[in-house]
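Asker: Questions regarding the structure given below will be posed in turn.
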Amino acid sequence: IPHWQSTVSIWSKNLNHQTATFSNAMRGALLYKEGKTQKALADFEAFDSRPDPRIDLVKLGILYNAMGTMLAPRSLSQAQEAFGKALQARPDNYDYLINSAIISQKQGLFEKAESFLNRAFQVEPNNPQAPLLMARQSASLDKVQEANKAFKQAIDVDKDNPLTYLEYAVFLYQSNNQDAAREALEQVRRLFEEAGQRAENNPIFLELDKRL
(Lines give C-alpha, C1' and ligand atoms only; values in the text may rest on other atoms or scores of the structure.)
Protein backbone atom coordinates (compact mmCIF):
# COMPACT_ATOMS: atom_id res chain seq x y z
CA ILE A 1 0.00 0.00 0.00
CA PRO A 2 1.57 3.32 -0.98
CA HIS A 3 1.78 6.13 1.55
CA TRP A 4 -1.07 8.46 0.72
CA GLN A 5 0.35 11.60 2.33
CA SER A 6 -1.61 11.55 5.55
CA THR A 7 -1.87 9.97 8.99
CA VAL A 8 -4.32 7.68 10.71
CA SER A 9 -5.31 10.40 13.20
CA ILE A 10 -6.33 12.87 10.50
CA TRP A 11 -8.63 10.41 8.81
CA SER A 12 -10.04 9.32 12.18
CA LYS A 13 -10.90 12.95 13.01
CA ASN A 14 -12.59 13.33 9.64
CA LEU A 15 -14.78 10.31 10.40
CA ASN A 16 -16.02 12.01 13.57
CA HIS A 17 -17.95 14.58 11.58
CA GLN A 18 -18.62 13.04 8.15
CA THR A 19 -20.35 9.98 6.72
CA ALA A 20 -18.38 9.62 3.44
CA THR A 21 -16.21 6.51 3.29
CA PHE A 22 -13.25 8.25 1.62
CA SER A 23 -11.57 8.59 5.01
CA ASN A 24 -12.22 4.90 5.77
CA ALA A 25 -10.32 3.95 2.62
CA MET A 26 -7.41 6.26 3.41
CA ARG A 27 -7.17 5.27 7.06
CA GLY A 28 -7.57 1.60 6.19
CA ALA A 29 -4.64 1.80 3.77
CA LEU A 30 -2.39 3.22 6.46
CA LEU A 31 -3.56 0.68 9.05
CA TYR A 32 -2.90 -2.14 6.59
CA LYS A 33 0.59 -0.82 5.95
CA GLU A 34 1.19 -0.83 9.72
CA GLY A 35 0.04 -4.45 9.97
CA LYS A 36 -3.18 -3.63 11.84
CA THR A 37 -5.21 -5.88 9.60
CA GLN A 38 -8.41 -6.22 11.62
CA LYS A 39 -8.89 -2.47 11.86
CA ALA A 40 -7.88 -2.06 8.23
CA LEU A 41 -10.40 -4.67 7.13
CA ALA A 42 -13.17 -2.94 9.09
CA ASP A 43 -12.38 0.32 7.28
CA PHE A 44 -12.25 -1.39 3.89
CA GLU A 45 -15.57 -3.13 4.52
CA ALA A 46 -17.10 0.22 5.50
CA PHE A 47 -15.83 1.67 2.23
CA ASP A 48 -17.10 -1.34 0.27
CA SER A 49 -20.60 -0.85 1.70
CA ARG A 50 -20.69 2.69 0.26
CA PRO A 51 -17.83 3.21 -2.22
CA ASP A 52 -16.65 6.80 -2.54
CA PRO A 53 -16.03 7.81 -6.17
CA ARG A 54 -13.07 9.99 -5.13
CA ILE A 55 -10.94 6.85 -4.77
CA ASP A 56 -9.26 6.42 -8.15
CA LEU A 57 -8.88 3.09 -9.95
CA VAL A 58 -5.28 2.51 -8.87
CA LYS A 59 -6.10 2.98 -5.18
CA LEU A 60 -9.32 1.01 -5.64
CA GLY A 61 -7.39 -1.97 -6.99
CA ILE A 62 -4.88 -1.79 -4.15
CA LEU A 63 -7.67 -1.56 -1.57
CA TYR A 64 -9.65 -4.54 -2.84
CA ASN A 65 -6.55 -6.66 -3.38
CA ALA A 66 -5.53 -6.03 0.23
CA MET A 67 -9.09 -6.74 1.33
CA GLY A 68 -9.05 -10.06 -0.51
CA THR A 69 -5.76 -11.02 1.11
CA MET A 70 -7.18 -10.32 4.56
CA LEU A 71 -10.49 -12.09 3.88
CA ALA A 72 -8.92 -15.28 2.46
CA PRO A 73 -8.36 -17.02 5.84
CA ARG A 74 -11.95 -16.29 6.82
CA SER A 75 -13.93 -16.79 3.61
CA LEU A 76 -12.66 -17.91 0.22
CA SER A 77 -15.81 -16.68 -1.53
CA GLN A 78 -15.58 -13.22 0.05
CA ALA A 79 -11.90 -13.06 -0.85
CA GLN A 80 -12.73 -14.04 -4.44
CA GLU A 81 -15.30 -11.25 -4.58
CA ALA A 82 -12.75 -8.71 -3.32
CA PHE A 83 -10.10 -9.84 -5.81
CA GLY A 84 -12.76 -9.61 -8.51
CA LYS A 85 -13.36 -5.97 -7.62
CA ALA A 86 -9.63 -5.33 -7.74
CA LEU A 87 -9.62 -6.74 -11.27
CA GLN A 88 -12.60 -4.62 -12.24
CA ALA A 89 -10.53 -1.60 -11.32
CA ARG A 90 -7.37 -2.86 -13.06
CA PRO A 91 -8.11 -5.84 -15.34
CA ASP A 92 -4.50 -6.33 -16.47
CA ASN A 93 -2.80 -6.23 -13.08
CA TYR A 94 -0.61 -9.33 -12.83
CA ASP A 95 -0.75 -9.68 -9.04
CA TYR A 96 -4.53 -9.40 -8.96
CA LEU A 97 -4.84 -12.08 -11.66
CA ILE A 98 -2.49 -14.41 -9.76
CA ASN A 99 -4.35 -13.86 -6.48
CA SER A 100 -7.67 -14.55 -8.22
CA ALA A 101 -6.24 -17.73 -9.71
CA ILE A 102 -4.90 -18.99 -6.38
CA ILE A 103 -8.16 -18.31 -4.54
CA SER A 104 -10.06 -20.07 -7.35
CA GLN A 105 -7.78 -23.10 -7.02
CA LYS A 106 -8.45 -23.23 -3.29
CA GLN A 107 -12.18 -23.33 -4.06
CA GLY A 108 -11.74 -26.09 -6.63
CA LEU A 109 -12.73 -23.73 -9.45
CA PHE A 110 -9.99 -24.95 -11.75
CA GLU A 111 -11.39 -23.70 -15.07
CA LYS A 112 -11.75 -20.26 -13.58
CA ALA A 113 -8.19 -20.45 -12.20
CA GLU A 114 -6.91 -21.49 -15.63
CA SER A 115 -8.56 -18.47 -17.21
CA PHE A 116 -6.89 -16.11 -14.72
CA LEU A 117 -3.51 -17.78 -15.23
CA ASN A 118 -3.76 -17.54 -19.01
CA ARG A 119 -4.54 -13.85 -18.70
CA ALA A 120 -1.64 -13.36 -16.31
CA PHE A 121 0.76 -15.11 -18.71
CA GLN A 122 -0.39 -12.79 -21.50
CA VAL A 123 0.25 -9.76 -19.29
CA GLU A 124 3.73 -10.90 -18.23
CA PRO A 125 4.98 -13.60 -20.63
CA ASN A 126 8.47 -13.45 -19.11
CA ASN A 127 7.27 -14.26 -15.61
CA PRO A 128 7.37 -18.00 -14.79
CA GLN A 129 4.86 -17.82 -11.93
CA ALA A 130 1.67 -18.22 -13.98
CA PRO A 131 2.79 -21.23 -16.06
CA LEU A 132 4.28 -22.85 -12.96
CA LEU A 133 0.97 -22.51 -11.12
CA MET A 134 -0.78 -23.88 -14.20
CA ALA A 135 1.63 -26.83 -14.31
CA ARG A 136 1.00 -27.66 -10.67
CA GLN A 137 -2.75 -27.44 -11.13
CA SER A 138 -2.70 -29.65 -14.23
CA ALA A 139 -0.44 -32.18 -12.54
CA SER A 140 -2.75 -32.37 -9.52
CA LEU A 141 -5.65 -33.10 -11.88
CA ASP A 142 -3.64 -35.78 -13.75
CA LYS A 143 -3.65 -33.69 -16.92
CA VAL A 144 -0.21 -34.84 -17.96
CA GLN A 145 0.01 -33.18 -21.37
CA GLU A 146 -1.22 -29.83 -20.09
CA ALA A 147 1.16 -30.00 -17.13
CA ASN A 148 4.09 -30.89 -19.38
CA LYS A 149 3.33 -27.93 -21.67
CA ALA A 150 3.04 -25.52 -18.74
CA PHE A 151 6.27 -26.74 -17.14
CA LYS A 152 8.08 -26.17 -20.43
CA GLN A 153 6.65 -22.65 -20.62
CA ALA A 154 7.91 -21.94 -17.11
CA ILE A 155 11.35 -23.33 -17.95
CA ASP A 156 11.54 -21.32 -21.17
CA VAL A 157 11.31 -18.07 -19.20
CA ASP A 158 13.30 -19.29 -16.18
CA LYS A 159 16.09 -21.24 -17.85
CA ASP A 160 18.71 -20.70 -15.16
CA ASN A 161 16.62 -21.73 -12.16
CA PRO A 162 17.50 -25.28 -11.06
CA LEU A 163 14.46 -25.47 -8.78
CA THR A 164 12.05 -25.08 -11.71
CA TYR A 165 13.84 -27.90 -13.54
CA LEU A 166 13.81 -29.96 -10.34
CA GLU A 167 10.06 -29.61 -9.98
CA TYR A 168 9.71 -30.64 -13.62
CA ALA A 169 11.94 -33.67 -13.02
CA VAL A 170 9.76 -34.75 -10.09
CA PHE A 171 6.65 -34.37 -12.26
CA LEU A 172 8.23 -36.49 -15.01
CA TYR A 173 9.18 -39.19 -12.49
CA GLN A 174 5.67 -39.23 -11.03
CA SER A 175 4.31 -39.48 -14.58
CA ASN A 176 6.40 -42.66 -15.11
CA ASN A 177 8.61 -40.93 -17.67
CA GLN A 178 11.88 -41.94 -16.06
CA ASP A 179 14.15 -41.33 -19.05
CA ALA A 180 12.98 -37.73 -19.33
CA ALA A 181 13.20 -37.37 -15.55
CA ARG A 182 16.86 -38.47 -15.59
CA GLU A 183 17.61 -35.99 -18.36
CA ALA A 184 15.91 -33.19 -16.44
CA LEU A 185 17.77 -34.16 -13.28
CA GLU A 186 21.11 -33.86 -15.06
CA GLN A 187 20.09 -30.39 -16.15
CA VAL A 188 19.31 -29.59 -12.52
CA ARG A 189 22.78 -30.79 -11.52
CA ARG A 190 24.41 -28.66 -14.20
CA LEU A 191 22.50 -25.53 -13.18
CA PHE A 192 23.42 -25.99 -9.52
CA GLU A 193 27.06 -26.40 -10.50
CA GLU A 194 26.97 -23.28 -12.66
CA ALA A 195 25.63 -21.40 -9.64
CA GLY A 196 28.54 -22.71 -7.52
CA GLN A 197 26.33 -25.05 -5.50
CA ARG A 198 26.10 -28.79 -4.98
CA ALA A 199 22.86 -30.32 -6.19
CA GLU A 200 23.25 -33.04 -3.54
CA ASN A 201 22.64 -30.42 -0.85
CA ASN A 202 19.02 -30.28 -2.01
CA PRO A 203 17.08 -33.13 -0.29
CA ILE A 204 14.54 -33.41 -3.13
CA PHE A 205 17.31 -33.76 -5.70
CA LEU A 206 19.07 -36.34 -3.53
CA GLU A 207 15.93 -38.44 -3.10
CA LEU A 208 15.02 -38.33 -6.78
CA ASP A 209 18.58 -39.15 -7.80
CA LYS A 210 18.47 -42.27 -5.61
CA ARG A 211 15.17 -43.39 -7.14
CA LEU A 212 16.39 -42.90 -10.69
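The values are calculated or read from the model by the stated rules, or taken from the named source; none is laboratory data. These numbers come from a predicted model, not from an experiment. As a convention, Cβ positions derive from the backbone with ideal geometry for all residues, glycine included, and neighbour counts pool all protein chains shown. Keep in mind that these areas ignore ligands, DNA and RNA; they rest on the heavy atoms of the full protein, side chains included. Shrake-Rupley method; radii C 1.70, N 1.55, O 1.52, S 1.80 Å.
Asker: Does segment 97-111 include one or more residues that are without any contact (Cβ under 8 Å) to a residue 60 or more places away in the chain, under 19 Å from GLU45 (Cβ atoms) and open to solvent by less than 10 Å² (accessible area, probe 1.4 Å)?
Answerer: Yes, segment 97-111 contains at least one residue that is without any contact (Cβ under 8 Å) to a residue 60 or more places away in the chain, under 19 Å from GLU45 (Cβ atoms) and open to solvent by less than 10 Å² (accessible area, probe 1.4 Å).
Asker: Within segment 134-152, can you find the residues that are closer than 18 Å to GLN122 by Cβ and surrounded by fewer than 18 Cβ atoms within 10 Å (Cβ to Cβ)?
Answerer: Within segment 134-152, GLU146, LYS149, LYS152 meet the criteria.
Asker: How many residues, within segment 86-110, are more than 12 Å from ASN65 (Cα to Cα) and among the aromatic types (Phe, Trp, Tyr)?
Answerer: 1
Asker: Can you confirm whether segment 136-150 contains a residue that is at pLDDT 95 or above, farther than 25 Å from LEU109 by Cβ and among the polar types (S, T, N, Q)?
Answerer: Looking through segment 136-150, none of the residues is at pLDDT 95 or above, farther than 25 Å from LEU109 by Cβ and among the polar types (S, T, N, Q).
Asker: Report every pair of residues separated by at least 6 positions or lying on different chains whose Cβ atoms are under 7 Å apart, first residue within segment 67-86 and over 9 Å from ILE103 (Cα atoms) and of a type in the set (D, E, K, R), second part of a helix (DSSP H, G or I) and open to solvent by less than 30 Å² (accessible area, probe 1.4 Å).
Answerer: LYS85/TYR64
Asker: Which helices (runs of 4 or more DSSP H) does segment 157-212 wholly contain that include 3 or more residues that are buried (at least 21 other Cβ atoms within 10 Å of the Cβ) and in contact with a helix residue (DSSP H, G or I) (Cβ under 9 Å, 6 or more places away or on another chain)?
Answerer: Result: 162-174, 178-194.
Asker: Let me ask you something else. If I ask for residues that are outside any loop (DSSP other than H, G, I, E, B), open to solvent by less than 50 Å² (accessible area, probe 1.4 Å) and of a type outside the set (A, V, I, L, M, F, W, C), which ones from segment 116-133 would you list?
Answerer: The one that is outside any loop (DSSP other than H, G, I, E, B), open to solvent by less than 50 Å² (accessible area, probe 1.4 Å) and of a type outside the set (A, V, I, L, M, F, W, C): PRO131.
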